[in-house]
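Everything on this sheet refers to the single structure shown next.
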Amino acid sequence: MSSVDVITRSQPEPDGVAAILARYAAIVDDFQSLLAISQTPLPVSFWHNPLKGDAIALPDVLTQQGVALEPIPWWPGAWRSPHWPSPGNTVPFAAGWYYVQEEIAMAAVAALDPQPGEVILDLCAAPGGKTAQIALRNPTGTVIANELHAARMPSLTATINRLGLTQVITMQEDGRSLPLPNFSFDRVLVDAPCSGEGNLRRRKRQQPWQPDHGLRMAAAQQKLLSRALDLVKPGGTVVYSTCTFAPEENEAVLDAVLGDRAEVVPFAIPRLRYQPGLTQWQGETYRADIAHAQRYFPHLNNTGGFFVARLQRTAAPALTTEPLESSKGISSPPNASGLAIAESPLGPICDRFGIPPAAFDTYDCWATGKRRYWLRDRTSQLPDELSPQTLGLSCATQTNLGLKPSTAFLQRFGQLAQQNVIHLPDWEAVAEFLRGGSQPLSANVQPGYVHVRFQAFELGCGYYRGGYLESQIPKILRRELAGIGGN
């Protein structure tokens, strides 16, 4: 997936759909309905970011742009649209007002039920949509977001920065052997890599489940879940989820791993229809409490396919007792150090933009190396054993042109800026700025780095000199927003 969970949606081929679903005909309540809806495109779904903008204004803005919306009844502040070709190609998206995510994938965090003040691990985090939902439901806690693959780390950090999250700390480790102490977390999400059958409505071609590939996935899933059960505290919660229909990757994984370390417990998501987890499949019998898991077939809620199980950790001992070492072949994490406010970039930034310093009384500033600075919520915890890749929100970078505030920082706190702010005059100027271009503009600001705003949207960092505004929008946002124009 991309950094925003935006996936090209095309109508699946009927023959391919029938071949994929045939093995599940006996376990679906209405197979013909499943077959029919699986041959239709998946609606676009998204949720409002409460740190940015207004949940009432957002649907009005999008409706004015011709987007047909209906509220998602089981997730407040979320909507779906039957046809929206470019949900990541709008100004409110650029400003971090919303996140595009497959509707049924939201069920994982609903089942996890994060609470304020908790320490929570997202074991397989990229591209970061579920990490963000956890953080927004846990504003005074700590969220550790781990991702194995270096190629997927930019999508995770882009989500954290675009949405303005200050309590998320990222790691790049193999989740099967995550080198943190046992019993460190109140809750752990294992949204495991899988064969992806539940995505067939947004893929033109999807292969039927293949035993060799599927069983290899199941072996990795078992190791991920087992490590999660050692990392969570006794009495804590683990949620295991996949986007596949295959019992070999769902119920069979639970049955193989849980033992006496956890129980599958009931959970309720009002207004979301499901079928219970299986206790029998193709001659195999699974433990009875797996019936508390929930299977979401596409026809039940007009979504993709998904599987969620909520587990409660018992007091049984952990399986792993020896300290685990960091995964080989992963780049070394930055050397992070906390800074006193007087040593941090916050003072110069506040002076430059007229932001009251008291706005940052509840934050700490961290440096990685001599050039990169991060803003982290003071309530979040930084475990001694942690080797972080990022520490909260990207704040500033030391450049040859001076201290450069990040677009992430200005989008989150730019509404407090009273000076050196450029108000773009029209949609054409916005489009050029979001493309990363340079444009002539008359503005009453000092030369140097400026904050750029359009109407209610905080757009981020620019550089003003010689009557020209040069966009400093990060390349990952420019790429996502290429071709934006008009309203």
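The values are calculated or read from the model by the stated rules, or taken from the named source; none is laboratory data. Since the structure is predicted, the reported quantities are computational estimates derived from the model, not experimental observations. Please note: Cβ atoms are built from the backbone with ideal geometry, for glycine as well, and neighbour counts cover all protein chains shown.
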Point to revise | Verdict on Thr407 being at pLDDT 95 or above, in contact with a strand residue (DSSP E or B) (Cβ under 7 Å, 6 or more places away or on another chain) and within 20 Å of Gly164 (Cβ to Cβ) | key: yes
**Study point:** Subset of region 388-416 (residues that are touching a Phe, Trp or Tyr at 6+ places or on another chain (Cβ under 6 Å) and either of a type in the set (D, E, K, R) or farther than 12 Å from Cys461 by Cα (or both))
**Key:** Leu391, Gly392, Lys404
Exercise for review: Answer yes or no: is there a residue in region 51-69 that is modelled with pLDDT of 95 or more and either closer than 24 Å to Arg295 by Cβ or small (Gly, Ala, Ser) (or both).
Suggested key: yes
Practice item. Identify, from the list Leu156, Leu165, the residue that is under 23 Å from Leu224 (Cα atoms) and touching a residue at least 60 places away in the same chain (Cβ under 8 Å). Key: Leu156
**Study point:** Odd one out for Gly88, checked against (1) at positive phi; (2) at pLDDT below 95
**Key:** (1)
Study note, to complete from the structure: Taking region 1-45 and the residues there that are of a type in the set (D, E, K, R) and not in a helix (DSSP H, G or I), the one that is modelled with the lowest pLDDT would be Asp5
Practice item. Would you list the strands (runs of 3 or more DSSP E) that sit entirely within region 229-320 and hold 1 or more residues that are under 24 Å from the mean Cα position of the chain (by Cα), within 25 Å of Trp79 (Cβ to Cβ) and not hydrophobic (A, V, I, L, M, F, W, C)? Key: 232-242, 294-296
Point to revise | Within region 46-72, considering residues that are of a type in the set (Gly, Ala, Ser) and in a loop (DSSP other than H, G, I, E, B), the one nearest to Asn89 (Cα to Cα) | key: Gly66
Point to revise | Residue check, Ala359 at negative phi and crowded, with 22+ Cβ neighbours inside 10 Å | key: no
**Study point:** Matching option when the condition is of a type outside the set (A, V, I, L, M, F, W, C) and either buried (at least 24 other Cβ atoms within 10 Å of the Cβ) or not in a loop (DSSP other than H, G, I, E, B) (or both), among Pro154, Pro179
**Key:** Pro154
Check your understanding: If you check Ala396 against the conditions, is it crowded, with 20+ Cβ neighbours inside 10 Å and at pLDDT 95 or above?
Key -> yes
Exercise for review: Within region 370-379, identify whether any single residue is buried (at least 20 other Cβ atoms within 10 Å of the Cβ) and over 30 Å from Met171 (Cα atoms), and answer yes or no.
Suggested key: no
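Kindly indicate which of Pro114, Pro87, Pro82 is under 30 Å from Ala246 (Cβ atoms), touching a helix residue (DSSP H, G or I) at 6+ places or on another chain (Cβ under 8 Å) and not assigned by TED's automatic domain parsing to the domain that holds Gly304.
After applying the criteria, what remains is Pro87.
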Check your understanding: Which one of these is over 27 Å from Leu200 (Cβ atoms) and in contact (Cβ under 8 Å) with a residue 12 or more places away in the chain: Leu225, Leu258?
Key -> Leu258
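Tell me the residue from Ala318, Ala268, Ala252, Ala291 that is at pLDDT 95 or above, closer than 26 Å to Gly175 by Cα and assigned by TED's automatic domain parsing to the domain that holds Met171, please. Can you show your working first?
Details: Ala318 fails: assigned by TED's automatic domain parsing to the domain that holds Met171; Ala268 fails: closer than 26 Å to Gly175 by Cα; Ala291 fails: closer than 26 Å to Gly175 by Cα.
Within the list Ala318, Ala268, Ala252, Ala291, the selection yields Ala252.
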Practice item. Hey, could you check region 100-146 for residues that are of a type in the set (Gly, Ala, Ser) and assigned to a loop (DSSP other than H, G, I, E, B) and say which is nearest to Trp47 (Cα to Cα)? Key: Gly128
